[in-house]
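Heads up, the thing below is written out as structure tokens.
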Amino acid sequence: MKDVSKIIYRFLEGDDVKGLNIIRNIFYKQISSYMFNSLDWDKEDYFQEFVLKLLNNKNKILEIFHDNTAGLVSYIREMIKNFLKDKLIESRKYHHENIEDYEYRLESNMKKPSDVLVFLEAFHIKENIVKYLNEQDLILLCYLTCQECQEFIEKTFFNNVSKDAMYKRVERLKMKIREFIKSFGFDEDSFGYFLSNMLYEICNTYKGG
Amino acid sequence: MREIEVIYNLYEDEFNPPAIDEYFEFEDDTSKKLYFPKEKRNIEKGDVYLFFENGYIPVYYMVYEKEEDLYKVHKMSKWVMLASQFDVFVKVDNEDFIVEQWNSFYLYEDEIQNHYFYGRLNEDDLNLICNIVENKTPIPEDRRGLKSVFFDDEHNTFQYKFHKKESSVVRKYKYRLLAEMMIEDEPIGDAENAYIISLNQNILNQFKIQKLAAKANKSTVVKDGFAIRLDKDRSAAEIYFDEYGKKAKIKILDYEEIFEELPEMVIIPLEKSIDLDIEALAENIEIIYEIENNKKT
């Protein structure tokens, strides 16, 4: 059996072009998965970018695998997965509406790697919560979270609602939201981001005037 | 499909052996688990290494400390987007990683010497990890993964699934210290100060070994999240927990106890007249962890 790890190692050293074909084969196998259907560029363009990244890191890789090349194939496979995952996240970020407004907030607040995921998950929360909750629930949610909406909502929708009835509605809403989060597996950080930065768009309908 | 679902699917795919046509001819990397003559490294706290479980599953870890003949290490991962509130963001040579401060396991020196040296944590990150592990310092907000409202089998969020899978990858390395001490026939843990769980006779009787099975009775059982050992004169069973230090409830049939901080080990005293089937006992132990700061019912 050919030692493909050694062939890839020699490619990185600059000695064997066959290594590049092996890497291409692995790359195309990964990128052809249905998971990456939404990527915008041509597959070859992504591959070229990956190879550039690989070559920029070649000294480190050559050092790590200098004494034992055996794991190099698996390492390349992992590198490709992470590269494609990053490309997917990038492309999905720019598909959302009004991205310029959010991006400013996202970039300026982004302190850790998972922040971009919070942002994307919040979009999914926004898409799905309007289908999961009925209009009465949404009105109540806006009443509880949107200061500018409270006066209008109270006058228009809760004028004749007793404190007791209000309490029960709020408790029911809390349960529904827990069920919503549970059924989709959303996390607390993303839900918090949605409440602070995206719910206002839904609540604009209930500001009155 | 949500991005987190795609990311999780990619991560899970790491556990599938590569297809035969992926590299023209796939070579079984496990055949390379040999000692290659090379200069031995000094193994230091904060060193980051990489090996491939089964020849293809990448396992990164940071060296923590030496215990007996073993090194205690903490698993690390590049799948930072699947991190939960229990994982800590760090960088290694400008690459993003998480340290799973809850996910320790044990390796021998010659294993580490055969692994790939990947780099080191910087001093600040190392100090942070030490504070979290030793002093139970809370993970700073800007260094932790996404916080789940629910973190259990029932809700099964992607962060929870990742958490469980990460634990399972290194499970076989977790109880090595226990096994080492059993071989040396030394008492494990600080028995005088250990927490005692008194199970009533009715419960213990349910785990009495059947006569016919007596010969096959084990003295150690390892399960998902804990291990049980019968001490050598069978006067006590010791339970060792994977994730100690957290708030958790232990259930054994009708017995229930909540721990603000789950101890590393608990002892169940036994009457010598009972031949305990620890396999059956292990099947009936449930550990339910409560998420930090989640006080909702």
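The values are calculated or read from the model by the stated rules, or taken from the named source; none is laboratory data. From a predicted model like this one, the values you see are computed outputs, not experimental measurements. All Cβ positions, even for glycine, are placed from backbone atoms using ideal geometry, and neighbour counts span all protein chains on display. Note: areas computed on protein heavy atoms with side chains; ligands, DNA, RNA excluded. Shrake-Rupley method; radii C 1.70, N 1.55, O 1.52, S 1.80 Å.
Just to be sure, is A:Tyr193 of a type in the set (Phe, Trp, Tyr) and loosely packed, with under 14 Cβ neighbours inside 10 Å? No; evaluated as a whole, the condition is false for this residue. Listed conditions (1) at pLDDT 85 or above; (2) not in a helix (DSSP H, G or I) are all met by A:Lys111, apart from (1). Of the listed requirements (1) loosely packed, with under 12 Cβ neighbours inside 10 Å; (2) of a type outside the set (A, V, I, L, M); (3) within 18 Å of the chain's Cα centre (by Cα), A:Asp187 misses just one: (1).
Identify all residues within the stretch A:163-209 that are part of a loop (DSSP other than H, G, I, E, B), out of contact with any strand residue (DSSP E or B) (no Cβ under 7 Å at 6 or more places or on another chain) and within 14 Å of chain B (Cβ to nearest Cβ); write none if there are none. Can you show your working first?
Within the stretch A:163-209, the first condition is being part of a loop (DSSP other than H, G, I, E, B), and the residues that meet it are A:185-187, A:198, A:207-209.
Those still in the list that are out of contact with any strand residue (DSSP E or B) (no Cβ under 7 Å at 6 or more places or on another chain) too: A:185-186, A:198, A:207-209.
Within the stretch A:163-209, A:Gly185, A:Phe186 meet the criteria.
Annotation: of all residues in the stretch B:272-291 being in a loop (DSSP other than H, G, I, E, B) and open to solvent by less than 100 Å² (accessible area, probe 1.4 Å), the one that is modelled with the highest pLDDT is B:Asn284.
For the stretch A:65-81, taking the residues that are facing chain B (nearest Cβ under 8 Å) and open to solvent by 20 Å² or more (accessible area, probe 1.4 Å), the one that is farthest from B:Val6 (Cα to Cα) is identified as A:Asp67. The residue list B:Glu12, B:Glu25, B:Glu68, B:Glu44 contains one member that is open to solvent by 40 Å² or more (accessible area, probe 1.4 Å), at pLDDT 85 or above and farther than 24 Å from B:Phe150 by Cβ, which is B:Glu44. A:Leu20: out of contact with any strand residue (DSSP E or B) (no Cβ under 8 Å at 6 or more places or on another chain), within 13 Å of chain B (Cβ to nearest Cβ), open to solvent by 10 Å² or more (accessible area, probe 1.4 Å) and assigned to a loop (DSSP other than H, G, I, E, B), yes or no? So A:Leu20 fails the test.
Restricting attention to the stretch B:143-159, the residues that are touching a Lys or Arg at 6+ places or on another chain (Cβ under 9 Å), among the charged types (D, E, K, R) and in contact (Cβ under 8 Å) with a residue 40 or more places away in the chain total 2. Among the residues making up the stretch B:153-172, those that are open to solvent by less than 50 Å² (accessible area, probe 1.4 Å) and under 30 Å from A:Ile177 (Cα atoms) are B:His155, B:Thr157, B:Phe158, B:Gln159, B:Tyr160, B:Phe162, B:His163, B:Glu166.
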